[in-house]
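The values are calculated or read from the model by the stated rules, or taken from the named source; none is laboratory data. This one's a predicted model, so the numbers in the text were calculated from it and none came from an experiment. Backbone-built Cβ (ideal geometry, glycine too); neighbour counts: all protein chains shown. Ligands, DNA and RNA are stripped out before the accessible areas are found, and what is left, the full protein with its side chains, is counted by its heavy atoms. Shrake-Rupley method; radii C 1.70, N 1.55, O 1.52, S 1.80 Å.
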Amino acid sequence: SARTHMSPGATRDALAYCARVRDLILHHNGGWADGEALRKFRLLSYAAARAAADEQCAELLRTADEYAADLFSESAHRKWAQGQTAGADVLRLCILGKLDAVRERLTAHSPGGRPPDADPMLYPETE
């Protein structure tokens with residue numbers, strides 16, 4: 001679907017909020033009821049969706065939110081377990097996957113197809 005043209009500032013803001021959501025997920029194992037972590041996740045992901053003002057990004061973040069609700073719950077995370085992998089770990093990977101998809105969508109239309117602060121190892125120069 002077509003993406004509405006976004007100012008570089010809005011793209012940068014959306015990417016910054018996504019990076020903070022990603023940090024939260026990377027530094028929180030989940031797997032127990034944590035209302036504060038879920039509240040923080042929602043605050044940051046809603047801010048990212050608002051800044052992006054893009055329906056596909058909003059949908060990806062809504063799905064990530066559903067995963068986060070289970071991740072930061074007393075027991076809902078258990079139903080996501082796969083073999084030796086704990087449900088909380090499966091959920092964290094699912095959330096990170098959605099955040100990566102948002103980042104890709106946001107950077108696809110930016111100059112050079114990469115965020116201004118991109119790691120050159122992840123976004124090698126194409127010239």
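In the range 4-27, is there at least one residue being more than 18 Å from residue 107 (Cβ to Cβ), open to solvent by 30 Å² or more (accessible area, probe 1.4 Å) and either polar (S, T, N, Q) or in contact with a helix residue (DSSP H, G or I) (Cβ under 7 Å, 6 or more places away or on another chain) (or both)? Checked against the condition, which is being more than 18 Å from residue 107 (Cβ to Cβ), open to solvent by 30 Å² or more (accessible area, probe 1.4 Å) and either polar (S, T, N, Q) or in contact with a helix residue (DSSP H, G or I) (Cβ under 7 Å, 6 or more places away or on another chain) (or both), the range 4-27 yields no hits at all. In this structure, does residue 52 turn out to be small (Gly, Ala, Ser), farther than 15 Å from residue 104 by Cα and either at pLDDT below 95 or open to solvent by less than 70 Å² (accessible area, probe 1.4 Å) (or both)? Here the answer is no, as residue 52 does not meet what is asked.
Residue pairs whose Cβ atoms lie under 7 Å apart, sitting 6 or more positions apart in sequence or on different chains, and linking a residue in the range 76-101 that is more than 14 Å from residue 31 (Cα to Cα) to a partner that is of a type in the set (S, T, N, Q) and surrounded by fewer than 19 Cβ atoms within 10 Å (Cβ to Cβ), are 98/63. Against the definition (modelled with pLDDT under 95, touching a Gly at 6+ places or on another chain (Cβ under 8 Å), open to solvent by less than 70 Å² (accessible area, probe 1.4 Å) and of a type in the set (Ser, Thr, Tyr)), how does residue 107 come out, yes or no? For residue 107, the condition - modelled with pLDDT under 95, touching a Gly at 6+ places or on another chain (Cβ under 8 Å), open to solvent by less than 70 Å² (accessible area, probe 1.4 Å) and of a type in the set (Ser, Thr, Tyr) - is met.
Matching residues to (1) free of Cβ contacts under 8 Å to residues at least 24 places away in the same chain; (2) touching a Gly at 6+ places or on another chain (Cβ under 9 Å); (3) acidic (Asp, Glu):
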| residue | (1), (2), (3) |
| --- | --- |
| 12 | no, no, no |
| 19 | yes, no, no |
| 23 | yes, no, yes |
| 27 | yes, no, no |
| 40 | yes, no, no |
| 46 | yes, no, no |
| 52 | no, no, no |
| 65 | no, no, yes |
